[in-house]
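Here is the structure we will look at, set down as C-alpha cells.
The values are calculated or read from the model by the stated rules, or taken from the named source; none is laboratory data. Small disclaimer: the values here were computed from a predicted structure and weren't measured. Here Cβ is always computed from backbone atoms with ideal geometry, including for glycine, and neighbour counts include all displayed protein chains. Accessible surface areas use protein heavy atoms only, side chains included; no ligands, DNA or RNA. Shrake-Rupley method; radii C 1.70, N 1.55, O 1.52, S 1.80 Å.
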Amino acid sequence: MAPMDKVVSLAKRRGFIFPSSEIYGGLNGAWDYGPLGAELKRNIKEAWWKDMILSHDETATMSSAPSSFAMVGLDSAILMNPKVWEASGHVGGFHDPMVDCRETKGRYRADQLVIFQLIAEGSHLPGAGFKDLLFASPGEAGKTPNAELLMPHKKRIKAIRKKLEMDSEFQIKPIENALTKDALRAKIFAPGASKPGTLTAPRSFELMLKTKVGALEDKSSVAYLRPETAQGIFVNFKNVCDTTRVKLPFGIGQIGKAFRNEINPRNFTFRSREFEQMEIEFFCKPGDSDQWYKYWCDRRLQWYLDLGIDPSKLHLREHSSRELAHYATGCADIEYSFPFGISELEGIANRTDFDLGQHMKASGKDLRYFDDTETDKEKRRYLPHVVEPSAGVDRATLAFLCDAYVEDEVGSEQRIVMKLHPRIAPIKTAVFPLVKKDGMPEKAMAIYRSLSKNFNSFYDEKGAIGRRYRRQDEAGTPFCITVDGDSISDNTVTVRDRDTCEQLRLPAEELVAYIDNQLTH
Ligand code: ATP
C-alpha cells in the first residue's frame, strides 16, 4: 500500500477520520472526526490556544521577540455582514475561471490547463527549464503528464506562469480568454484525456459558499460562510482595543471553521471544503513589522517541532517578491513533506495596514489606533501593521498523523505504532489487568478511575495482553499500565512506553505525577 493509503486506512479503521455522511456515499470535501480523531484535533487546538494565547506571559519579553506583547482570544461568527467580504476583496476576487472535461470528468483552472497544454506540446515554451519546473523529480519528467502529476504541483504551475509572463513577451491571459472560443478548445486535451475538444467553456467558480438568511429570499438575504477566520478579527479590532485596553504590539487569536468551495478537494483532509483555521493577527507599529514577521516565522516553525514533527520534513519557504500580493511585504509558508508531496501547513504574511485600511474605507469607521506613547501629536493616530500567522487545524492534524505513522517490529512481531507527541495523543493512558481474575480487574479499574480524573484514559481487559498493547500502539497511547499478581500484594504496576516498549515498575500512587511529568516535557 502507498504510504498515504496506509494513513487513510488506519484513520478509518481506528476511528480517527471518516468520510462525512458516509452511509449516503459521503460528500466531497467534507470529513468527520471519529472518537480518536476528535480528541487528537481538540488536543492540537488546545496546544495552539495554550501556547499562543493562554500561557503567554505579557509581562516578560520572550527570547528572540523584539519586545514584550499581549495576546488575547476571540470567537467571532461564521456569518458576517456581506460588506465584510466586499471590503476584504473576497467577493469578486475570490474565484478562478474553470474548465470541465467531459471525458475525464476532471475540472481544471483555465490557466493551469493552458500551461499544461504548452508543456505537453513543448514547442511554444520560451527558453529552457520550464518542463523541469513542472515535475517534482527529474524521474517524472519522462512520463506523460497526467492529472495526478499535474494537480499536486499547483505551486510550480504558478511559478511557471510567473516565469512565462516575466521572462518573455508571452501573455497567458489572452490564451486563457481564447479558451472561450470553441475552435481553440477543440485542439486542447485535458490531462489524461484521449481526445481533444471535450472541454467546456471557462466558467467563473465562486470559492465562497453562499447561503440565505432570514425569511425573504432576495438579494439582501445573501450571506456567505466565511472563507477565513481572519476578517472576524479585523472587524473586531476596535472592539478589542476599546474593551481590553491592549497596547501595541499585541495579537488576537481565533480558532474556527472556514468554508471554501474548493474546485477539486483532494489528498484526504488536506484540501477540504469545510475546515478549521487557527489564526493570529498580530498588530504592531508600522516600522516594526519586519522584525515581528521574522519572529512569528521562527516561533510558528518551532511550535510544530516542539510537538514532535520530524525536522527533516518541515520547511519554511519564503515567497519571492514576485509571488507577493501587492499589499504584502513578506510571506512565507510552513510546509510539510506529506506522502503526496510538499504542501502548505501554514502561511505567515506581513500584510501591512491593508485589511484595516480596507475596512476603514468601506465602513466609514475610524479604525486608527491611538498611541499615547507618541510625543508628536500629529502622529498619534495611525493604522497598525499586521503580521498574520494562519494555520489549518485539519492540515496540522494530517501532518501529525502522517509523521506519527511508523511500522516496526517488537520481538518477531510486526506492529503499526502512532508515535504522536504525548501532549496531542488522544488517549494518554490505558490500564489493563494482566488476567481477568485474582482481584486484578478490580485493582486495575480503581487505578483507571483515579487516572481518568486527570487524563483521558482507557480500560481494557479483553484479549491477550500483547494484542491490547498493539491496539493502543495504533491509537498512539503513550503509556500502558498493567496490573499483575505482584500489584495485588505490593501496589506496584508496570508502565510500558509506547515507543521503546520498555517497562518500568512504579508504585500505583506515583502514577499521576509520573504521567503528568511526561506529558508536559
Ligand atoms: P492553498 O494555496 O493550499 O489553497 P491558501 O494559501 O489559499 O492555501 P490561506 O488562505 O493562506 O491558504 O489559508 C491559511 C491556511 O488555512 C492554510 O495554510 C491551510 O492550512 C488552511 N486551508 C486553506 N484552505 C484549506 C482547505 N481547502 N482545506 C484545509 N485547509 C485549508
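Please give the FRET efficiency for Asp438 paired with Leu504, using the beta carbon to beta carbon distance and R0 = 22 Å, rounded to the nearest 0.05. Working shown, then result.
Working: r = 23 Å, r/R0 = 1.03.
Rounded to the nearest 0.05, the efficiency is 0.45.
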Problem set entry | 5 angstrom amide H check on Phe458, placed H, neighbours 5+ away | Thr429, Ala430, Val431
Seminar exercise, completed: Pseudo-spin-label distance Tyr327 to Asp366, built 7 Å along Cα→Cβ, given in nm, is 2.1 nm
Exercise. Say the cut-off is 29 Å between C-alpha atoms; which of Lys45/Lys436; Lys247/Lys365; Lys6/Lys257 go over it?
Worked result: Lys45/Lys436
Seminar exercise, completed: Rounded to 0.05, the calculated FRET efficiency for the beta carbons of Ala215 and Leu27 at R₀ = 25 Å is 0.40
Exercise. Where Lys and Arg each count +1 and Asp and Glu each count -1, what net charge lies around Glu46 among other residues with Cβ under 12 Å from its Cβ?
Worked result: +3
Problem set entry | For region 427-519: span of alpha carbons on each principal axis (Å, largest first) | 30, 27, 23
Exercise. Extension gain Arg449-Val512, at 0.36 nm per residue separation less the Cα-Cα distance, in nm?
Worked result: 21.5 nm
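Order of 338-344, 100-106 by packing, highest average Cβ count within 10 Å first? Numbers along the way, then the final one.
On the way: 338-344: 17.6, 100-106: 16.0.
Output ranking for 338-344, 100-106: 338-344, 100-106.
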Seminar exercise, completed: Sorting Ser452, Ser487, Ser312 on solvent-accessible surface, 1.4 Å probe, most exposed first, gives Ser312, Ser452, Ser487
Problem set entry | Heavy-atom accessible surface of region 394-515: percent carbon and sulfur, 1.4 Å | 50 percent
Problem set entry | Gyration tensor (alpha-carbon) shape descriptor, region 232-317, a/c threshold 1.5 | oblate
Seminar exercise, completed: For Lys50, counting only aspartates and glutamates whose alpha-carbon sits under 20 Å away and dropping same-chain residues fewer than eight positions off, the answer is Glu39, Glu58, Asp75, Glu276, Glu279, Glu281, Asp298, Asp306, Glu346, Glu388, Asp394, Asp516
Problem set entry | Most to least packed among 453-462, 230-239 [average Cβ atoms within 10 Å] | 230-239, 453-462
For this session: With a 10 Å radius around each residue's Cβ, average the other Cβ atoms per peptide and rank 79-85, 363-369, 297-303, 269-275, highest first.
Result: 269-275, 297-303, 79-85, 363-369
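Averaged per residue, what accessible surface does region 295-388 expose to a 1.4 Å probe, in Å²? Please report the intermediate quantities before stating the final value.
Details: 4510 Å² over 94 residues.
Here the residues of region 295-388 average 48 Å² of exposed surface.
Where does the charge balance sit around Asp473 when Lys and Arg score +1, Asp and Glu -1, over other residues with C-beta under 15 Å from its C-beta?
Values: positive: Lys6, Arg13, Arg14, Arg415, Lys419, Lys428, Arg467, Arg468, Arg470, Arg471, Arg496, Arg498; negative: Glu407, Asp408, Glu409, Glu413, Asp460, Glu474, Asp497, Asp499, Glu502.
Here the count lands on +3.
When Lys and Arg each count +1 and Asp and Glu each count -1, what net charge do the other residues less than 11 Å away from Pro422, Cβ to Cβ, add up to? Display every interim value, and only then the final one.
Working: positive: Lys419, Arg423, Lys428, Arg498; negative: Asp497, Asp499, Asp516.
Net local charge, Pro422 excluded: +1.
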Exercise. Using the beta-carbon distance between Thr200 and Glu86 and R0 = 41 Å, what value does 1/(1 + (r/R0)^6) give for FRET efficiency, to the nearest 0.05?
Worked result: 0.90
Seminar exercise, completed: Site Lys247, offset 7 angstrom along Cα→Cβ, radius 17 Å on amide nitrogen, limited to region 285-310, gives 285-286, 288
Problem set entry | Note, ³J(HN,Hα) from phi for region 378-395, Karplus 6.51, -1.76, 1.60, rounded to Hz, x at Gly and Pro | 4, 9, 6, 9, 7, 8, x, 8, 10, 10, 10, x, 10, 10, x, 5, 5, 5
Seminar exercise, completed: Residues meeting the amide H criterion for Ser20 (H placed from the backbone, H to H distance under 5 Å, 5 or more places apart or on another chain) are Leu27, Ala30, Trp31, Asp32
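Can you tell me the accessible area per residue over region 437-493, all protein chains present, probe 1.4 angstrom, in square angstrom? Walk me through the intermediate numbers first.
On the way: 2680 Å² over 57 residues.
Result: 47 Å² of accessible area for each residue.
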